[in-house]
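Structure, as structure tokens:
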Amino acid sequence: MEELKKSICAEVFQYFKEINQIPRGSGNEQAISDWLVKFAKDHSLDVTQDKALNIIIRKPGSKGYENAAPVILQGHMDIVCEKEEDKEHDFLKDPIELIVEGDKIHADRTTLGADNGIAVSYGLAILASQEIAHPPIEFLVTVSEETGMDGAFALDATHISGRSLINIDAEEEGKLIVSCAGGIGATLQLPVEWEEASEGYLALNLTIEGLQGGHSGMEIVKQRGSANKIMGRLLLDLEKVMDLRVFAVNGGTKHNAIPRKAIAGLLVKAKEESLLNEKLAAWTLVLQNELQGVDEGVQLSIKKSGETVKKVFSAKTTRAVIEILCLIPAGVINMSAAIPGLVQTSSNLGVVVTLEDMVTFENTIRSSVRSNRTTVADEMGLLGEVTGAKVVYASEYPEWQYNPSSKLREIFTDTYNELYGKKPEISAIHAGLECGLFSEKFDGKIDLISFGPNLYDVHTPKEYLSISSVERTWSYLLKVLEKLNQ
């Protein structure tokens, strides 16, 4: 990070380095929340830490801006914790190692934490500065955004006086986000009937890997392969031609990440092992053809299981698992007719886990149209009824509707045009943002916009940011703050 000390926003990168020394995966935010409290006190700033661990740091307006309307700068402190399989990293205690290569900052085979550490770093640099011109600032940093926006749900709106909020959680420079999808989590819980495993079978692990994965909102439009859905197709085909017994199915690690890997534990007769290998070779070609230009690195493999298998799913449970994997709504469901290129509705089967008494299928449903979201949730409910699975709904959050008279959008647009000689793209996104919840909490009487620098492959170990984009976006933000006294 030494090479960044001459950057126009060196303080931003320094704070980014500092907060990346603090493990802050979703649900593990006590340490980073306490660190933010200490930062506020060290800088003689008023701070509120609520019961959910959300942080609000308040700073008066700079000279000449004392009586301006306050503005809320907002981001979230938690990150998605993903790593490559061969990387030893404990997200509960290990810092994230930052690597600078040209215009890129990335981590060592883990997620980088730029989503949303850059927002936090921008806010800290502004709060610490005595030179930046700005109106009164309320810096709101929420918890557990990635796992259900728990912090935004828990926020007491009476702690906030501003009615203009700048969310710094977008991932593409030059785009102003003015609307986003709402979402709901839906988990199918399928009870398992176990049977004793018969003798004379080989215990094997069938693995699907080599997929890119990615954010289930931002990347879903790219039609990347889902390891969990592919596993359903494979098992359905194998069941037709083999005496197949299943003892486990596990895939994915995060409900809001497209699953990159899935493993099924199988018992097959020794004489059918060659047929299984033939099937996998054929399926590899099929999948590489289907996913060409998107996920051609898909790999299928079979290895002998190192465990002694004493019980397997019953035929009824096996069939139900396959039915759910194959029939559960997943991927892009429909596109917006009003906004070209925007996914309107999608569903992501993010995590499949085999437990002692059940198999769980964890999904994230997103839509910018609430009725579409309800329809997909109802379809999952019906699938649960026909397969004997219980459906548990959780973490519902509202969509953020477009505001045709946004003053923030006007200021951001004019400022961008002044800086770059062109207007920014006004856009809606399929991912969920906390802006929908904030709009609801303030009864729609709050002006909202979301923007940010270029981030790539977020929610994956390949995540990286563009240094030059962070610098340009920093200059853009400061120019906007300067204008918020007009």
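The table that follows gives values for the structure above.
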read-out: Count of residues meeting criterion [touching a residue at least 12 places away in the same chain (Cβ under 8 Å) and over 25 Å from ALA330 (Cα atoms)] in the range 178-206; value: 12
read-out: Selection within the range 302-318 - of a type outside the set (A, V, I, L, M) and loosely packed, with under 15 Cβ neighbours inside 10 Å; value: LYS303, LYS304, GLY306, GLU307, THR308, LYS310, LYS311, LYS316
read-out: Any hit, the range 58-70, residues being in contact with a Ser or Thr (Cβ under 6 Å, 6 or more places away or on another chain) and over 15 Å from ILE105 (Cβ atoms); value: yes
read-out: Filter result (in contact with a helix residue (DSSP H, G or I) (Cβ under 7 Å, 6 or more places away or on another chain) and either modelled with pLDDT of 95 or more or surrounded by fewer than 19 Cβ atoms within 10 Å (Cβ to Cβ) (or both)) within the range 374-397; value: LEU383, THR387, GLY388, ALA389, LYS390, VAL391, TYR393
read-out: Qualifying residue in the range 358-369 (condition: assigned to a helix (DSSP H, G or I), of a type in the set (Gly, Ala, Ser) and surrounded by 18 or more Cβ atoms within 10 Å (Cβ to Cβ)); value: no
read-out: Residue in the range 410-422 that is part of a loop (DSSP other than H, G, I, E, B), touching a helix residue (DSSP H, G or I) at 6+ places or on another chain (Cβ under 6 Å) and either in contact (Cβ under 8 Å) with a residue 12 or more places away in the chain or not hydrophobic (A, V, I, L, M, F, W, C) (or both) present; value: no
read-out: Strands (runs of 3 or more DSSP E) wholly inside the range 1-87 that include at least 3 residues being buried (at least 20 other Cβ atoms within 10 Å of the Cβ); value: 55-59, 71-76
read-out: 3 or more residues in the same structural domain as LEU190 (by TED's automatic domain parsing) and under 15 Å from SER226 (Cβ atoms): qualifying strands (runs of 3 or more DSSP E) within the range 247-324; value: 262-269
read-out: Boolean, PHE438 is closer than 21 Å to THR142 by Cβ, in contact with a Phe, Trp or Tyr (Cβ under 9 Å, 6 or more places away or on another chain) and not in a loop (DSSP other than H, G, I, E, B); value: yes
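The values are calculated or read from the model by the stated rules, or taken from the named source; none is laboratory data. Every value quoted in this text rests on a predicted model; they were computed, and no experiment measured them. No Cβ is skipped: glycine too gets one built from the backbone with ideal geometry, and neighbour counts run over all protein chains shown.
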